[in-house]
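Have a look at the structure below, then the notes.
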Amino acid sequence: MSRFCVLLAWAFLVHLGLEEAQQDQSCCGPIVPRREWKALASECSQKLDLPVRYVVVSHTAGSPCNTPALCIQQAQNVQHYHSRTQGFCDVGYNFLIGEDGLVYEGRGWNFKGDHTGRFWNPMSIGITFMGNYMERSPPPRALRAARSLLACGVAQGALSPNYEVKGHRDVQKTLSPGDQLYEIIRTWPDYHE
């Protein structure tokens, strides 16, 4: 789309009074519900005490996915590994981010995850980026999806307004979320080491 067309479209939105909706960080972007990615039924019962103060960002260190079909398959693979091989009650993460720019619901806002160990799991939301980000960065649409999810969490009362983002490696001995993604989240205003 040419720059002129983008400016024209923005002017049209401003004229209609929709610019607030575009800039409102509390608007929740699309979250692919568990039923749409054909998740197995969860056996989890331990709820989080909301709002939580921490968000732990990780990566799966596996294959990336850049289409909804591939990301659905990856979410299913992660859930199968966590529930069938690791013995977790469900996929370990609260949310999974695909390179397609969509957020896939894991355990959601209400249930304790199995992503960062006994100390951090009860007081944090675990968000993982599907892929390996040691040597490459997630695409901008995936990063936007994650930031939108965090704003959504605050708007819904699941995240404290003064929440802190931590990299997986900040709270456990691991290379996750990968060198490239770690450098990106360290620039986010809500990141704290």
Heavy-atom accessible area per residue - the chain, 1.4 Å, Å² | 53 Å²
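Within the chain, what percent of beta bridges assigned by DSSP are antiparallel, to the nearest 5?
Antiparallel bridges: around 20 percent, rounded to the nearest 5.
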Loop sites in region 112-193: chymotrypsin sites (Phe, Trp or Tyr not before Pro), DSSP, at most 12 other Cβ within 10 Å | Phe119
Other-chain or far-sequence residues with amide H under 5 Å of Leu159's (modelled H) = Val52, Val154
Considering only protein heavy atoms and a 1.4 Å probe, what is the carbon-and-sulfur percentage of the accessible area of region 147-193?
-> 47 percent
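Given an 8 Å cut-off on Cα distances and at least 6 residues of separation, report the relative contact order of the chain as a percent. All intermediate terms of the calculation are to be shown ahead of the outcome.
Numbers: 363 pairs, mean separation 53.0, N = 193.
Relative contact order of the chain: 27 percent.
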Under Stokes-Einstein, with the Kirkwood radius over Cα pairs standing in for Rh, what whole-number D in µm²/s applies to the chain at 10 °C and 1.306 mPa s?
-> 93 µm²/s
Hey, quick one: spin label on Glu43, modelled 7 Å out along Cα-Cβ, who in region 65-79 has an amide N within reach, i.e. under 15 Å?
-> 79
What is the dipole size for the chain, taken about its Cα centre, with +1 at each Lys and Arg Cβ and -1 at each Asp and Glu Cβ, in debye to the nearest 20?
-> 340 debye
Normalised per residue, the volume of the convex hull around the Cα set of region 131-193 (Å³) = 88 Å³
Given all pairs of distinct Cα atoms, region 63-173 yields a Kirkwood Rh in Å of 14.4 Å
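The values are calculated or read from the model by the stated rules, or taken from the named source; none is laboratory data. As the structure is a prediction and not an experimental result, all values here were calculated from the model. Here Cβ is always computed from backbone atoms with ideal geometry, including for glycine, and neighbour counts include all displayed protein chains. Side chains included, ligands, DNA and RNA excluded: accessible areas come from the protein's heavy atoms. Shrake-Rupley method; radii C 1.70, N 1.55, O 1.52, S 1.80 Å.
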